[in-house]
Every structure is written in C-alpha cells, then in structure tokens.
Amino acid sequence: MTETTTQAKTAVVYHSGYGHTARMASAVAEGAGADLVAIDAEGNISEDAWATLAAADAILFGSPTYMGGPSWQFKKFADASSKPWFEGAWQNKVFGGFTNSASINGDKLNTLEYFVLLTGQHGGLWVSMDIKPANVKASKRDDLNRMGSYIAPMAQTPADASPEEMSPGDLETARRYGARVAMVAAQLRAGRAQVR
C-alpha cells in the first residue's frame with residue numbers, strides 16, 4: 001500500500017490596499033503553512049497563482065473592508081474565479097477568510113459573508129472560528145477575537161496607524177485561524193485517503 005501524505009496544501013489569496021491586510025495575510029499563512037497569493041492593484045493574479053489555488057486543498061480569502069464590502073480588486077478576482085467555478089475545480093475544497101478595516105464595526109461582517117457566499121458558489125466547505133470572543137469588562141485591545149467574530153477573523157486598525165501598529169491579538173487570532181483551516185483541510189484529506 002502506498003503511503004499517502006495527509007498534510008494539506010493551503011493558499012491565502014488576498015488584496016491589500018495599505019499593507020494592513022497583507023500583514024494579516026502573513027499571519028494567517030504562518031498559521032496554515034500556506035502559500036501567499038497577492039492580488040495586485042489592478043485586481044489580477046498570475047497564471048502561476050491560479051495554478052497554486054487549483055492545487056490547494058484549502059483557500060483563504062482576504063480583503064480590507066471598503067465601503068461596506070471587499071475591495072474592487074478582490075471582487076475582480078472573484079469574478080475571474082468563474083472559470084474554476086464553471087469547471088467545478090474548487091468543489092469540496094476547504095475555505096476561510098479574514099478582513100481588516102479602520103472602524104470597530106466598519107461593516108466587516110458584510111465582507112466575511114461575501115466570502116462565505118463565494119465559497120458556497122464554488123461548492124466549498126467554510127471553516128468558522130473556534131476562539132471565544134473577548135467581551136468582558138477586563139478585555140483589552142490585544143486580546144484574541146476582540147472583535148467577537150464567529151465566522152472568521154476581523155481586525156481593526158486605526159486609519160492613521162501603520163501595519164506595524166496592528167493589534168498583536170488580531171494577528172494572533174488570524175494565525176490561529178489559519179492553523180485551524182489547515183487542520184480541518186488535513187483531516188478531510190486524511191479521511192478521503194482512507195476511503196480510497
């Protein structure tokens with residue numbers, strides 16, 4: 001019997017306007033052991049990047065929240081994903097996502113729900129958070145899941161703060177979420193290998 005690896009291949013595809021989402025993407029990728037795929041300022045990724053996504057067991061979406069949803073560059077990428085959608089190429093892959101904006105709310109939930117819907121369109125499996133919210137009087141800015149999200153990580157960075165000034169708690173939440181998505185993908189991969 002041939003030995004089958006159960007380590008999941010994971011990719012993080014993201015757009016970042018000012019570097020904050022890129023920093024969050026790096027934290028997610030660190031946790032997941034993932035390849036980073038940056039969407040450029042024109043909303044494009046390379047053919048090699050499309051191949052990376054095709055080979056991945058898990059894909060994580062990342063975008064800042066602008067005007068109540070993901071950036072237009074991310075939406076352009078999502079529209080371009082109609083080719084793998086048509087071919088059913090991403091069906092049964094594991095998905096996750098993350099977002100950042102300057103305001104505490106900033107309609108970040110809309111961005112995450114957009115990612116969940118995109119996952120559903122591709123016939124994928126969404127992974128939720130497993131970190132309880134930091135929602136008591138003693139909670140601090142750098143606590144895990146201080147935004148109280150259950151769908152996926154949200155980060156908040158003041159509009160005049162650099163990426164280096166991001167909350168360590170937000171970044172650690174992102175890192176742990178990346179690890180969770182990779183773990184779920186590996187478990188599914190192992191289960192599929194046993195069925196064969």
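Confirm whether I151 is at pLDDT 95 or above and open to solvent by 20 Å² or more (accessible area, probe 1.4 Å).
It is true that I151 is at pLDDT 95 or above and open to solvent by 20 Å² or more (accessible area, probe 1.4 Å).
Would you check if P163 is farther than 20 Å from A34 by Cβ and open to solvent by less than 60 Å² (accessible area, probe 1.4 Å)?
no
Among A41, A51, A29, which is the only one that is free of Cβ contacts under 8 Å to residues at least 40 places away in the same chain and either in a helix (DSSP H, G or I) or in contact with a His (Cβ under 7 Å, 6 or more places away or on another chain) (or both)?
Exactly one residue qualifies, and that residue is A51.
Tell me, which residue of the stretch 41-62 that is over 24 Å from Y177 (Cα atoms) and of a type outside the set (A, V, I, L, M) is most open to solvent (accessible area, probe 1.4 Å)?
Only one residue tops the list, namely E47.
Mind checking which residues of the stretch 174-193 are touching a Gly at 6+ places or on another chain (Cβ under 7 Å) and open to solvent by 20 Å² or more (accessible area, probe 1.4 Å)?
R175, R176, A179
Where the second residue is open to solvent by 90 Å² or more (accessible area, probe 1.4 Å) and in a loop (DSSP other than H, G, I, E, B) and the first is closer than 25 Å to A159 by Cβ and touching a residue at least 40 places away in the same chain (Cβ under 8 Å) and lies in the stretch 65-92, which pairs have Cβ atoms under 9 Å and are six or more apart or on separate chains?
Q73/E42
Within the stretch 90-130, restricting attention to residues that are over 15 Å from the mean Cα position of the chain (by Cα) and under 20 Å from M166 (Cα atoms), which residue is least open to solvent (accessible area, probe 1.4 Å)?
Per the stated criteria, the residue is G106.
Output yes when any residue across the stretch 151-166 is in a loop (DSSP other than H, G, I, E, B), without any contact (Cβ under 8 Å) to a residue 24 or more places away in the chain and within 21 Å of the chain's Cα centre (by Cα), and no when none is.
The answer is no, given that none of the residues of the stretch 151-166 is in a loop (DSSP other than H, G, I, E, B), without any contact (Cβ under 8 Å) to a residue 24 or more places away in the chain and within 21 Å of the chain's Cα centre (by Cα).
Can you work out which of the residues in the stretch 8-23 that are open to solvent by less than 20 Å² (accessible area, probe 1.4 Å) and of a type in the set (A, V, I, L, M) is modelled with the lowest pLDDT?
Going through the qualifying residues, I end up with A8.
Looking at the stretch 113-138, which of its residues are over 19 Å from T10 (Cα atoms) and among the hydrophobic types (A, V, I, L, M, F, W, C)?
L117, I131, A134, V136, A138
Condition (residue is open to solvent by 70 Å² or more (accessible area, probe 1.4 Å), over 26 Å from R192 (Cα atoms) and out of contact with any Ser or Thr (no Cβ under 6 Å at 6 or more places or on another chain)) applied to the stretch 24-39: is it met by at least one residue?
Scanning the stretch 24-39 turns up no residue that is open to solvent by 70 Å² or more (accessible area, probe 1.4 Å), over 26 Å from R192 (Cα atoms) and out of contact with any Ser or Thr (no Cβ under 6 Å at 6 or more places or on another chain).
Check off (1) of a type outside the set (G, A, S); (2) closer than 20 Å to A174 by Cβ; (3) assigned to a helix (DSSP H, G or I); (4) open to solvent by 10 Å² or more (accessible area, probe 1.4 Å) for T65 and give me the number that stays unchecked.
(3)
The values are calculated or read from the model by the stated rules, or taken from the named source; none is laboratory data. Because the structure is a prediction, the values reported are computed rather than measured. Every residue, glycine as well, gets a Cβ built from its backbone with ideal geometry; the counts of neighbours run over all protein chains shown. SASA here: full protein model, heavy atoms, side chains in, ligands and nucleic acids out. Shrake-Rupley method; radii C 1.70, N 1.55, O 1.52, S 1.80 Å.
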